[in-house]
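I have placed the structure first, in the form of structure tokens, so that the comments after it can refer back to it.
The values are calculated or read from the model by the stated rules, or taken from the named source; none is laboratory data. Keep in mind the model is a prediction, meaning the values are calculated, not measured. Note that each Cβ is placed from the backbone with ideal geometry, even for glycine, and that neighbours are counted across all protein chains shown.
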Amino acid sequence: MLEVLNLSKLFTGIPAIDSVSFCAPPGAVTGYLGPNGSGKSTTVKLITGLLDPSSGAILWQGSDIRRDPDAFKSILGYVPEEPFLYPQLSGAEYLELAGQLRLIPPTRLYSKIEAFLRQFDLYGDRFTPIASYSKGMRQKILLAAALLHDPELVILDEPFSGLDVHSSLVLRHLIQSLAAAGKTVLFSSHELETVERVCSRVVILYQGKVVAHDSVENLRSLMALPSLEAIFTQLALRSDPQLTADSLMGVIQS
């Protein structure tokens with residue numbers, strides 16, 4: 001169980017997130033949604049240890065992750081929004097480095113690397129420098145590196161970025177399979193259709209505050225709205241998208 005308790009982060013005195021609280025249980029995919037600038041990426045960076053909170057706590061299995069950050073990182077698999085990779089390394093070399101840092105035994109590591117590269121259709125490019133990889137290929141390397149050590153907690157920040165249709169479908173099923181295997185999955189995204197299909201629970205953030213935290217089904221019922229998109233529009237958008245689009249068409253045609 002991942003628990004975020006009254007988490008706040010200030011930048012030059014201005015809150016990026018303000019008293020954010022939610023939980024992500026094992027065996028479920030928890031969607032983390034919000035418009036640009038709402039604080040999603042800040043929250044993810046706090047959970048993964050890339051930023052220190054101004055106040056509040058993050059608990060894993062009831063213990064504050066700051067008590068033993070190395071132990072927490074050992075059970076964490078993280079796919080960041082931006083694919084920061086070593087461009088001079090090949091895909092196989094990068095995964096080998098990631099596995100060695102995770103202390104995966106060599107025989108198991110090389111077997112898993114080959115399997116990931118084959119399943120992600122990267123085996124033919126395993127010795128090609130990452131500098132020449134497409135965005136989608138880099139995203140697959142990030143996904144493989146995050147899952148090499150069979151993590152208990154998987155945090156995905158816009159994981160579908162750059163993936164083709166087939167790879168997106170594979171990842172959608174993989175995310176659901178991770179939850180079915182008892183993993184805790186936190187999925188931060190702006191792709192509402194994908195979130196609605198993949199996630200059983202959602203947290204909606206607006207201007208640094210949580211405005212909804214419930215199952216998708218309960219939110220639909222409570223708000224009497226047919227879809228997650230309608231709920232998101234009601235809770236977290238400043239204006240009606242259709243009205244804005246109509247106004248833009250007026251500008252275009254004027």
Item checked: Candidates L59, L10, filtered to the one that is of a type in the set (A, V, I, L, M) and either closer than 15 Å to E81 by Cα or modelled with pLDDT of 95 or more (or both) -> L59
Check: Quick one: which of V185, V170, V165 is at pLDDT 90 or above and assigned by TED's automatic domain parsing to the domain that holds T43?
Finding: V185
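Within segment 41-50, is even one residue surrounded by fewer than 18 Cβ atoms within 10 Å (Cβ to Cβ), in contact (Cβ under 8 Å) with a residue 12 or more places away in the chain and assigned by TED's automatic domain parsing to the domain that holds L156? Explain how you work it out, then say what you get.
First, pick out the residues of segment 41-50 that are surrounded by fewer than 18 Cβ atoms within 10 Å (Cβ to Cβ): 49-50.
With the extra rule that they be in contact (Cβ under 8 Å) with a residue 12 or more places away in the chain, the set shrinks to 49.
From what is left, the residues that are assigned by TED's automatic domain parsing to the domain that holds L156 are 49.
So far as segment 41-50 goes, yes, one or more of its residues are surrounded by fewer than 18 Cβ atoms within 10 Å (Cβ to Cβ), in contact (Cβ under 8 Å) with a residue 12 or more places away in the chain and assigned by TED's automatic domain parsing to the domain that holds L156.
State yes or no: is V202 crowded, with 21+ Cβ neighbours inside 10 Å, of a type in the set (A, V, I, L, M, F, W, C), in contact with an Asp or Glu (Cβ under 8 Å, 6 or more places away or on another chain) and in contact (Cβ under 8 Å) with a residue 40 or more places away in the chain? Please lay out each step first, then the result.
Values: crowded, with 21+ Cβ neighbours inside 10 Å: yes; of a type in the set (A, V, I, L, M, F, W, C): yes; in contact with an Asp or Glu (Cβ under 8 Å, 6 or more places away or on another chain): yes; in contact (Cβ under 8 Å) with a residue 40 or more places away in the chain: yes.
So V202 passes the test.
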Next item on the list: For segment 67-89, state whether one or more residues are touching a helix residue (DSSP H, G or I) at 6+ places or on another chain (Cβ under 8 Å), surrounded by 18 or more Cβ atoms within 10 Å (Cβ to Cβ) and farther than 30 Å from E3 by Cα.
Entry: no
Notebook entry, point to check: Of these, R138, R172, which one is under 30 Å from R108 (Cα atoms), without any contact (Cβ under 8 Å) to a residue 60 or more places away in the chain and out of contact with any Lys or Arg (no Cβ under 9 Å at 6 or more places or on another chain)?
Noted result: R138
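Can we say R138 is more than 30 Å from Q61 (Cβ to Cβ) and surrounded by 16 or more Cβ atoms within 10 Å (Cβ to Cβ)?
Values: more than 30 Å from Q61 (Cβ to Cβ): yes; surrounded by 16 or more Cβ atoms within 10 Å (Cβ to Cβ): yes.
Taking the combined requirement at face value, the residue satisfies it.
So which strands (runs of 3 or more DSSP E) are wholly in segment 1-108 and hold at least 2 residues that are over 19 Å from the mean Cα position of the chain (by Cα)? Let's see the steps before the verdict.
Working: elements: 2-11, 14-24, 28-33, 55-60, 76-79.
Correct list: 2-11, 14-24, 55-60.
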